Amino acid sequence: MNKHIIKIVGRNNVLDSDEDLEAYSIDASLLERRPALVVFPKKITDIQKIINYCNRINMPLTLRGAGTNCTGSAIGTNNYIMDFSRMNKVIEFEYENKGKFIRLQPGIVIENLNRFLSNYKLMFPILTPEQSACTIGGVLALNKFGFRAFKYKRAINWISELEVLDGTGKYYNINNKEDFENFIGTEGCVGAIASAKIKLIKNIENFSMDLFEFEDIVHLITKWREIEKKEGLISLVLFDRISSLFLDLGEGYHLIVEYENNKGSIIEPLKMKKLKNKIEGVQNLLADKGYIYKDDPSLPIDQTYDLFKWLNTNEIPIAGSLNENTVHCFFNQEQKNLREEMYNLVKKHQGKVSSNYGYGILKKDYVPQDFKRKMMRLKEKYDYNNILNRGEVLDYK
Amino acid sequence: MTKKKDIIINKDEKEKAGLMDIAEIKKHIKPCSFSGLNREDCPVFRVLRKETVSPRAKVLFIKNENLTNRAEIFYKYCCLCGLCCKRFCFSDMKYLIRKVREYLVENNIETRLNHNIAENIKVHGKPYGDRKKIRDLDEFFGLK
């Protein structure tokens, strides 16, 4: 047991038994990497001291929220893991006079946050399929978008202030978007988010939906282009033939559209609830059928036909939000070796191999050049010893 | 850990009792995606907030056939509420945990805590024995 780490956080916040290290060797990527130690910070100074210590002994430090990431970014061989699960407090909450915001520690789970906010008829609108477990820190590290991305875009748009420790342990209090971009969406490789002040909105009370069915991909893409321009669009979700059958939607492709007004044809609350349950539950349903490897490539809309055709031919289900032309697809054990073929197909069509889940360890070889250059620059500035999430996104030093 | 008296159970009785070995228990794990989505549903995780007691970790230990060394996790850190399977998981975790516990008992694997609770029930009729005030549970159960 490391005495220095115990001195920082206390004996009860350090794990290094055989069972603990085995439990922390996995995340949702299905890779296995056994760490050397797990540490739970409780406050900002803990994070700073741990990073400083790791710099002194050149120990890679992996930042972990709920471990729902599917690219291996929450695990690391012989690393120290900093688990933020116990940094889950609300620091400040304003819902009346000064505007609507909340300041949070990074380990707060999105669903728990919205459950708390619902008492005040407020919400944080970045609702991802992993919201039942994923943390605000994780959502910010990947700059994720949620189900309702057509209106609410990505997480960076909802931050008004951040407290961050970079890879050298230096503290920053940031309140402008340009500097946010250094730490949000950089997959924890540049800095550890210690707290975030986020903007809130009132719950949506008036909305409607549409459900469209298509026999072929061409008509689907045509309708997709048409719907994207509609006023009041909140979410646009695609289910292909396979996922539609699992969801009892019938044969063919289906688009489910949600509007922030009465423009949709479905307005009965019970019908809308049923459709929403399908949207939110589809990943679990697919996992139960054996489709446990998930991907999220995105392509220019006029290039998506080839990808759809490839996925259809290989019987790989598609299910998820079409925001930023993302195609959420799922592979089973027999199909998992096809993932690399798909990544190469996406690259060939000038697409991105990952839109929402990040690159992590798994997709490091497919990081776009411009993002790689940005990460090199940031690593040089904020983490030149390459302590944070070493080996993820790029091979620095 | 203390050992119980040896109990000889022949194969027929074993089958009659529905006892399984590790390989058979493993077959009952549905393809787990290790998504971790159900961890906040687990009341044990909500209190202790470490991955080691999450439903995902328990499935991992079964998958790695690591039951003997993880006995305490399976005995102590699951209250069989089944909440982990209500929303996100189609495995029957209650059934799995019960089968693992049966396997551990069948193979004479118990923790000191199990043993002390069992002895207290035999002698006093209660798991905590006859003490009216328990200041320190760990000390009471002889774990310190």
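The values are calculated or read from the model by the stated rules, or taken from the named source; none is laboratory data. Please read these numbers as outputs of a predicted model, since none were measured by experiment. Because the Cβ atoms are built from the backbone with ideal geometry, glycine has one as well, and the counts that use them run over all protein chains shown. Just the protein is used for accessible areas: all its heavy atoms, side chains included, with ligands, DNA and RNA removed. Shrake-Rupley method; radii C 1.70, N 1.55, O 1.52, S 1.80 Å.
Using 0.36 nm per residue and subtracting the Cα-Cα separation, the extra length available between A:K202 and A:Y171 on full extension is 7.9 nm. Angle of helix A:339-348 to the longest C-alpha principal axis of chain A, folded into 0 to 90 degrees and rounded to 10: 80°.
Among B:V53, B:A71, B:C85, flag the residue with its Cα farthest along the positive direction of the charge dipole of the range B:48-89, charges on Cβ as +1 for Lys/Arg and -1 for Asp/Glu. Result: B:C85, furthest along the dipole toward the positive end.
Looking at the range A:204-265, the trypsin sites (Lys or Arg not before Pro) that sit in a DSSP loop and have at most 10 other Cβ atoms within 10 Å of their own Cβ are A:K229. Applying the criteria of a DSSP loop state and at most 15 other Cβ atoms within 10 Å to the trypsin sites (Lys or Arg not before Pro) of the range A:134-185 yields A:K170.
Between the helical axis of A:269-288 and the longest alpha-carbon principal axis of chain A there is an angle of about 60 degrees.
Label positions at A:R56 and B:D136, each projected 7 Å from the Cα along the C-beta direction, are separated by 3.1 nm.
For the residues of B:43-51, the average number of beta carbons from a partner chain within 10 Å of their own beta carbon is 4. Structure remark: mean-square fluctuation, Gaussian network model of chain A, C-alpha springs under 10 Å; the largest value among A:I126, A:I136, A:I44 belongs to A:I44. Sparsely packed loop sites in the range A:303-391 (the GluC sites (Glu not before Pro) outside DSSP H, G, I, E and B with at most 16 other Cβ atoms within 10 Å) comprise A:E315, A:E334. Charge dipole of the range A:55-121 (Cα centre as origin; +1 on each Lys and Arg Cβ, -1 on each Asp and Glu Cβ, all else neutral): 80 debye, rounded to the nearest 20. Set Lys and Arg Cβ to +1 and Asp and Glu Cβ to -1, take the dipole of the range A:263-397 about its Cα centre, and tell me which of A:N277, A:Y384, A:Y366 lies farthest positive. Working it through, the farthest residue towards the positive pole turns out to be A:Y384.
Assign one of three labels to the range A:277-343, namely rounded, prolate or oblate, based on the Cα gyration tensor with a ≥ b ≥ c the square roots of its eigenvalues; rounded applies when a/c is under 1.5, prolate when it is not and a/b is larger than b/c, and oblate otherwise. The shape class here is oblate. Highest GNM mean-square fluctuation among A:S29, A:S118, A:S355, for chain A modelled with Cα contacts below 10 Å: A:S118. Helical runs (DSSP H, four residues minimum) scored at -39500 (n - 2.57) apiece and divided by the length of chain A put the mean residue ellipticity at 222 nm at -9000 deg cm²/dmol. Computed from protein heavy atoms with a 1.4 Å probe, the total accessible area buried between A and B is close to 2700 Å². Residue farthest toward the positive end of the dipole of the range A:1-56, with Cβ of Lys/Arg at +1 and Asp/Glu at -1: which of A:N2, A:A28, A:S17? Highest projection toward the positive end goes to A:N2. For peptide A:311-319, the mean count of partner chain Cβ atoms within 10 Å of a residue's Cβ comes to 0. For the range A:24-113, what class follows from the C-alpha gyration tensor (a ≥ b ≥ c being the square roots of its eigenvalues): rounded when a/c is under 1.5, otherwise prolate if a/b is larger than b/c, else oblate? Verdict is oblate for the range A:24-113.
Between A:H219 and B:V105, the FRET efficiency from the beta-carbon distance, with R0 = 60 Å, is close to 0.50. Cα centroid separation, the range B:99-133 to the range A:120-155: 45 Å. Once the Cβ-Cβ distance of A:E32 and B:H124 is raised to the sixth power relative to R0 = 41 Å, the FRET efficiency obtained is 0.35.
For the protein assembly as shown, DSSP calls about 85 percent of its internal beta bridges antiparallel.
Potential lengthening of the chain between A:H349 and A:S265 amounts to 26.7 nm, from the contour at 0.36 nm per residue minus the alpha-carbon distance.
When each of the peptides A:301-311, A:61-71 is scored by how many other beta carbons lie within 10 Å of its residues on average, the order from highest to lowest is A:61-71, A:301-311. Charges were assigned to the Cβ only: +1 to each Lys and Arg, -1 to each Asp and Glu. The resulting dipole of chain A about its Cα centre is roughly 1360 debye. Note on the protein assembly as shown: Rg/Rh from Cα positions, Kirkwood definition for Rh, rounded to two decimals, is 0.99.
Dividing the mean sequence gap of close Cα pairs (under 8 Å, 6+ apart) by how many residues chain A holds gives a relative contact order of 16 percent.
From the Cα gyration tensor of the range A:95-218, with a ≥ b ≥ c the square roots of its eigenvalues, which class applies: rounded if a/c is under 1.5, or else prolate if a/b is larger than b/c, or else oblate? Cα axes put the range A:95-218 in the oblate bin. Available extension along the chain between A:E181 and A:D395 is 75.0 nm, counting 0.36 nm per residue and deducting the alpha carbon span. Peptide A:20-26 is shielded by partner chain Cβ atoms: per residue, an average of 6 of them sit within 10 Å of its Cβ. Comparing A:E163, A:E205, A:E228 in a Gaussian network model of chain A (Cα springs below 10 Å), the most mobile by mean-square fluctuation is A:E205. The distance linking the range B:40-91 with the range A:207-240 is 40 Å (Cα centroid to Cα centroid, whole angstrom). Using Cα atoms only, what is the angle between the long axis of helix A:304-313 and the major principal axis of chain A, expressed in degrees (0 to 90) to the nearest 10? Rounded to the nearest ten degrees, it is 90. If R0 equals 25 Å, the separation of the Cβ atoms of A:F116 and A:K372 corresponds to a calculated FRET efficiency of about 0.05. Placing +1 on each Lys and Arg Cβ and -1 on each Asp and Glu Cβ, with no other charges, gives the range A:37-196 a dipole about its Cα centre of roughly 280 debye. Here the accessible area of the range A:196-241 is 47 percent carbon and sulfur, with a 1.4 angstrom probe and all protein chains present.
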